[in-house]
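Please read the structure below before turning to the comments.
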Amino acid sequence: MSNSVGVKKDRAAKMMTSMQSSSLSILRIIREQHIWVFLFICMLVFSLASPYFFTLNNIGNVLTQGSFIGLLAVGMTLVMLNGEIDLSVGATLALSSALAIGLQDSIGIWPAILVALLSGALFGFINGALVALSGIHSFIVTLGSLMGIRGIVFIFTGEEALMTSDYSYTEYPEIYLGPVSLTAMIFFGLALFFQWILSKTKHGLETYAVGDNEKSAHEAGIRVRRHKVINFTLCGLLAGVAGVLLSMRLGTAEPNAARIWELWTIIAVVLGGTRLTGGYGSMWKTVGGVITLAALLNGLRLLNTPNYIELIVMGTVLVLALILDKTLTSSQSR
Amino acid sequence: MNDIILTADSILKKFPGVIALNRVSFDIRAGEVHALMGENGAGKSTLMKVLSGIYNPDEGAIHHRGKKVIIKTPKEARELGILLVHQELSLSPELSAAENIYLGDWPTNRFGIVNKRKMNAAAKIALDELGCNFGPEVLVRNLSIAKQQMVEIARTLVFNANVVIFDEPTGTLTTTEKDQLFEVVRSLRKKGVAIVYISHKMDEIFEIADRITVLRDGEVQCTVNTSESTIGEITNRMIGRDLDQYFHRAKAEFGAELLSVNQLTIRGLFKDVSFSVRAGEVVGLYGLIGAGRSEVAETLFGVRQKDSGEIIFDQQKVSFSSPKQAIEKGLALVPEDRKSQGLILGMGGRHNMTLPHLSLYSNVGVPRVDKELQVFEDYKTKLEIKTTGPEQLLSDLSGGNQQKLVLAKWLCAHPKLIILDEPTRGVDVGSKSAIHQYIATLAEQGLAVIVISSEMPEVIGVSHRILTMAEGRLVGEYTGKEMTEENLIAAVSGLTAA
């Protein structure tokens, strides 16, 4: 009995090695980038279920809708590769969006946008500095700033939605390349840029080294704390970018904007395959996770799924994707 | 060839409660392998961490090539040419071999863009020099431990190290891998690199080292030329302590065979382990860390699943798939690391004791507080646990009292066989003695006891019989007068007993 199991295991091990030896094997790529397979299946299912899903127009919509979470997710990926987390991105987005609209009457549109972006970077910097200097886990630190920043948003907006008085403001992002909006282009451009940073620059390699093994990174002479502050600042800045773009798209800034978006962002990043524990992941994975999430939401809405069913489906998908990730990685490490 | 490269001059390093290094002086010459020996906790790793900038000494000086230097960080050590090859590998598995070799010092242009071509080319030269059959771009997580170690050694080549410190490099290597490593060490020596080699393994030391320094309790015992020394001398220097600690051994009255293990194997961890334990007997299991002792215990207890072999417990062939089943049959395992495996520090003593076997102290699923309190008071007296009461949080208790509580926790399930993994690690002398005494009492009550320990006096003092393990195999069995430190050291360091 135990003997035959042993033989099977051996056979499985041999198969595994032969699979791994052909380095260009599609299986391996699928294993590492399984989110794209997942996305493909989702697209297929929705295309069959709804005639409106796989149209140029709708795909463009999916991309634009996904871009806001996407921008947050790019920053979140940097922070999560470091083994940290930033729960304050939703609140930071709301603050930037409120500042961009609320200040434009007094200081002009472009200065307002600049202030909005800087506020994002500033709060990211504060998060990073607190994490690096206090040694408190970023989950706690950014949970605090999530509440604090949201409070500032309520004070600034006076608990009411702010509206732009200049309607040309909402037309800024109305630039399209085929079905792809400017917002989506900015998201893809930044994702690409940060993927380049991750794979080609010193900062990028540091990001992996720190998230993987903070102690050995420190011993190798990497300035771990400074490094983390940079990534938190980038994460805040990207939330600022998302906030400005959202305010342009809506023309308004609500104090409650982007509530629980930090959770959707984390879901998108994790769905893509980047690990919460740090050191493993990429922007490609995150882009895949973001689009999958957006496609799922869009598809379910096209099918007129009730809101609560939508949540159940999303939750199930997330857990399924993670089980898949776990199975694939454990079969790989054997 | 005899130029001294690095000198440590009366280094003092204190940690809370202990003096890890007590005015240690030590030097390393170019082109020599200088072995550093000593038991666990003798201060070897601390000394190396001081030399490589991970710890800063409290007092004392370090001279590098005749110049006094202050090494504050590993990076400064690296810039001087001092590199440490870690005991636990410290690579980033998701980065490539080349990226790990250059960890923290990647060749970049002024915009911070890493020049991968240059980096890979240089890394490849180093890897080739070490005879590695993998390229610089392979991800470290896909490499075996031995190959990961080669990546660490390649670091020493690209940074042009003049002092390389190996911290127990062969702990997890196979014999062939060890031979390859020694080839590399010899070629480094030939190039004039000064090598510090830390190991427990006597045969390895005598194979590779030119000089040996023995540390004990944070002090240098001697520095000798290998050719002028013997294994016996080094062993004596390493032990050298007074054996006046009093141990309690249970009366040798054994009952029926309770546990019998035949050819137990888990591939990669241990192989063909066979032994038996009788009721009322204390069997010691001695070996170096990584020899497979704890893994055997965990397999008996159902934490790990065996690949082959059989376990007969209480006349029944058993195969536990979880610790719960093992507990139900009457086994108990008191784990090595009590904080992470044995206790819930945020709870009081009463809950900790009865938690794994609440059903014994419950009526229809509801815990009977009176019964719990009774058993708590019972063991508190028996084991002399110093606590203010059943609800005092364990985090407020001393290590010794925590350890007694772990013991009590397993005893109140009334096991037939209890396995104690390092029962007195990090425990003060008084508690140690109480625990030893209680082990004897248990055996006299008819329990079978297996004691796993790295402390030789302890394992000799409490056991009726000692099994030695090395590299995943049982390598010896000693009873009565044969249970000596010399025999045990010889057995686990791969030598046959004299």
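Quick note: the coordinates plus some simple rules give every number you see, no bench work behind them. For clarity, every value in this text was computed on a predicted model and none was experimentally measured. All Cβ positions, even for glycine, are placed from backbone atoms using ideal geometry, and neighbour counts span all protein chains on display.
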*Find how many whole Å separate the alpha carbon centroid of the range A:115-174 from the alpha carbon centroid of the range A:189-213.*
24 Å
_Model label zone, A:Phe154; criterion: amide N under 12 Å from point 7 Å along Cα-to-beta-carbon; scope the range A:249-265_ = A:255-256
*Estimated [θ] at 222 nm from DSSP helical runs (n ≥ 4, -39500 (n - 2.57)) normalised by residues in chain B, nearest 500*: -9500 deg cm²/dmol
*Could you give the longest part of chain B that holds none of the chymotrypsin sites (Phe, Trp or Tyr not before Pro) found in DSSP loops with at most 12 neighbouring Cβ atoms within 10 Å?*
B:247-498
_Highest-MSF residue in chain A out of A:Ala295, A:Ala129, A:Ala220 [GNM, Cα springs under 10 Å]_ = A:Ala220
*Of the DSSP beta bridges with both residues in chain B, give the percent that are antiparallel, rounding to the nearest 5.*
55 percent
*What share of the DSSP beta bridges in the protein assembly as shown is antiparallel, in percent to the nearest 5?*
60 percent
*Where is the GNM fluctuation largest for chain A (alpha-carbon springs, 10 angstrom cutoff): A:Ile140, A:Ile312, A:Ile85?*
A:Ile312
*To the nearest 10 degrees, how steeply does helix B:175-190 sit against the main Cα axis of chain B, on a 0 to 90 scale?*
30 degrees
*asked:* Could you identify which residue out of A:Val313, A:Val210, A:Val62 has the top mean-square fluctuation in a GNM of chain A using Cα springs shorter than 10 Å?
replied: A:Val313
*With an 8 Å cut-off on Cα pairs and a minimum separation of 6 or more residues, tell me the relative contact order of chain B in percent.*
15 percent
_How shielded is A:205-213 by partner chains, expressed as the average number of their Cβ atoms within 10 Å of its Cβ atoms?_
6
*Over the range B:246-494, what is the mean sequence separation of C-alpha contacts under 8 Å (at least six apart), divided by residue count, expressed as relative contact order in percent?*
30 percent
*asked:* With just the Cα atoms defining each centre, how far is the range B:149-206 from the range A:40-70? Give it in Å.
replied: 57 Å
*Do the alpha carbons of any pairs in A:Lys215/B:Lys409; B:Lys251/B:Lys324; B:Lys324/B:Lys380 sit beyond 29 Å of each other, and which pairs?*
A:Lys215/B:Lys409; B:Lys251/B:Lys324
*Report, to the nearest 10°, how far helix B:399-411 tilts away from the longest principal axis of the Cα atoms in chain B, using its own Cα long axis and a range of 0 to 90°.*
50 degrees
*How much of the DSSP beta bridge set in the range B:246-494 is antiparallel, as a percent to the nearest 5?*
55 percent
_Note, ³J(HN,Hα) from phi for the range A:76-81, Karplus 6.51, -1.76, 1.60, rounded to Hz, x at Gly and Pro_ = 4, 4, 4, 5, 6, 4
*How far is the Cα center of the range A:227-270 from the Cα center of the range B:306-332, in Å?*
54 Å
*Quick one: which residues, 5+ away or cross-chain, put their amide H under 5 Å from the amide H of B:Leu285? H built at 1.01 Å from N.*
B:Val451, B:Ile452, B:Ser453, B:Leu467
_Sort B:His200, A:His137 by Cβ crowding within 10 Å, fewest neighbours at the top._
A:His137, B:His200
*What order do you get for B:Cys222, A:Cys235 when you list them from fewest to most C-beta neighbours inside 10 Å?*
B:Cys222, A:Cys235
_Using a Cα-Cα cut-off of under 23 Å, which lysines could be cross-linked to A:Lys326, ignoring same-chain neighbours fewer than 8 residues away?_
A:Lys8, A:Lys9, A:Lys14, A:Lys285
*Can you list the aspartates and glutamates whose alpha carbon sits under 20 Å from that of B:Lys382, skipping same-chain ones fewer than 8 residues off?*
B:Asp370, B:Glu372, B:Glu391, B:Asp428, B:Glu444
*Calculated [θ] (222 nm, deg cm²/dmol) that DSSP helices of n ≥ 4 give over chain A, each run adding -39,500 (n - 2.57)*: -25500 deg cm²/dmol
_Cross-link pairs beyond the 27 Å C-alpha cut-off, checked among B:Lys75/B:Lys191; B:Lys201/B:Lys404; B:Lys178/B:Lys481; B:Lys44/B:Lys271_ = B:Lys201/B:Lys404; B:Lys178/B:Lys481; B:Lys44/B:Lys271
